[in-house]
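Below is one structure; the comments refer to it alone.
The values are calculated or read from the model by the stated rules, or taken from the named source; none is laboratory data. Here the structure is a predicted model, which means the values were calculated and not measured. Quick reminder, even Gly has a Cβ in these numbers, built from the backbone with ideal geometry, and neighbours come from all protein chains shown.
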Amino acid sequence: MSDLNSDLNSNPNLQRDAENPDASTKLPAKSLLDSAISLVGDDLDAVNNTIQWRLQSDIALINTLGAYIVKSGGKRLRPLILLLCARCCGYPGKDHVLLAAVIEFIHTATLLHDDVVDASATRRGQPTVNDVWGNEASVLVGDFLYSRAFEMMVETRNMAVMRILANTTNAIAEGEVLQLLNAHSPDTSEQQYMDTIHRKTAKLFESAAWLGGIIAGERTEICNAMASYGMHLGTAFQLVDDILDYSADSADLGKDIGDDLAEGKPTLPLIYALEHGNTQQKAIIAQSIENGKREKIAEILDIVQSTGALDYARAQANDQVELAVAALAPLNDNEYKDALAQLAEFSVIRGY
């Protein structure tokens, strides 16, 4: 427990109530993630090998950008969820590796397109593809990843898999459009925000978990439970991302604090602060969202703290984690199910 306290104290803005045993965990964030990874380490190695192989093209620029993307890495959280769900159901085949790579390709394609739309210069502490090679290359390689993902999913010869992933990519695109419509709008409601992140972020988590049950041939009740787990986990994950933009250290976060504000994104901490701040505080936040500037980021950080906006957003994330863990109830008890619950805990105590 002392390791947990040290981890939480190093990131007080994500600290959970240590006196509430239902809201605490026995492991720090990195240990929770490493523990889950260790169960499917060979599968993840196979996924990484598949990613490198399937990124290859006779177009030199695609190979160059592909190598850069792989090197930039990431937590591979979505593929990890799919692998754990498949193994939790006792899946003995190999399609889970192929589909985990598909999920990562779709995720990476959305990031490439996101960075162009948001004019982002850094991601995970590294220059973005669009910053190095330009918007055109970033968009087109993102399109290549989408099309390669669909080539790969067809290899499963599973109509349910193709239907889920086709619906997922469509929902993600809708989420991107919703985010664009809400950009620079201080009138964005909490419901509009939640609808956006459900489509833009949580949908891919949902599909990753869902597919683990589908390819294992599980009954509908189990597949739906896994899908529900993924949706709630993905929602919690995005909520924490939005909290971190106003609370984390930029070196840990891999981007500058206040990037969401600079892009005019009305995320939950700002939406709540707008509803509960005084007249002057509301004016500062509204103007900053409309202008898309971080000039008053110090003042805004104080406002989201003083209005309880971060505490509120954190409580919403914790609620989503509880729902995610509860959704796992119908699954057979095994180490993979335990790891899925640990990933839910990881999503809210991480600092990056």
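For the condition in contact with a Ser or Thr (Cβ under 9 Å, 6 or more places away or on another chain), part of a helix (DSSP H, G or I) and surrounded by fewer than 20 Cβ atoms within 10 Å (Cβ to Cβ), what is the one hit in GLU295, GLU275, GLU322?
Going through GLU295, GLU275, GLU322 in turn, just one is in contact with a Ser or Thr (Cβ under 9 Å, 6 or more places away or on another chain), part of a helix (DSSP H, G or I) and surrounded by fewer than 20 Cβ atoms within 10 Å (Cβ to Cβ): GLU275.
Take the conditions touching a residue at least 40 places away in the same chain (Cβ under 8 Å), among the small types (Gly, Ala, Ser) and part of a helix (DSSP H, G or I) and apply them to SER228. Does it pass?
yes
Looking only at the stretch 167-190, count how many residues are within 17 Å of GLN287 (Cβ to Cβ) and in a helix (DSSP H, G or I).
Narrowing the stretch 167-190 to residues within 17 Å of GLN287 (Cβ to Cβ): 182-188.
From the residues that got through so far, the ones that are in a helix (DSSP H, G or I) too are 182.
Here the count works out to 1.
Would it be correct to say that GLU206 is over 30 Å from SER306 (Cα atoms) and not in a helix (DSSP H, G or I)?
no
Just a yes or no: is a residue in the stretch 39-53 without any contact (Cβ under 8 Å) to a residue 12 or more places away in the chain, over 18 Å from LEU340 (Cα atoms) and acidic (Asp, Glu)?
Yes, there is a match, as at least one residue in the stretch 39-53 is without any contact (Cβ under 8 Å) to a residue 12 or more places away in the chain, over 18 Å from LEU340 (Cα atoms) and acidic (Asp, Glu).
Among the residues of the stretch 1-60, count how many are at pLDDT below 80, of a type outside the set (A, V, I, L, M, F, W, C) and assigned to a helix (DSSP H, G or I). Before the answer, list the steps.
Of the residues in the stretch 1-60, the ones at pLDDT below 80 are 1-27.
From what is left, the residues that are of a type outside the set (A, V, I, L, M, F, W, C) are 2-3, 5-7, 9-13, 15-17, 19-22, 24-26.
Remaining after also requiring assigned to a helix (DSSP H, G or I): 2-3, 5-7, 9, 12-13, 21-22.
Number of matching residues: 10.
Since LEU80 meets every condition but one in (1) surrounded by fewer than 21 Cβ atoms within 10 Å (Cβ to Cβ); (2) within 15 Å of the chain's Cα centre (by Cα); (3) not acidic (Asp, Glu), which condition does it not meet?
Exception for LEU80: condition (1).
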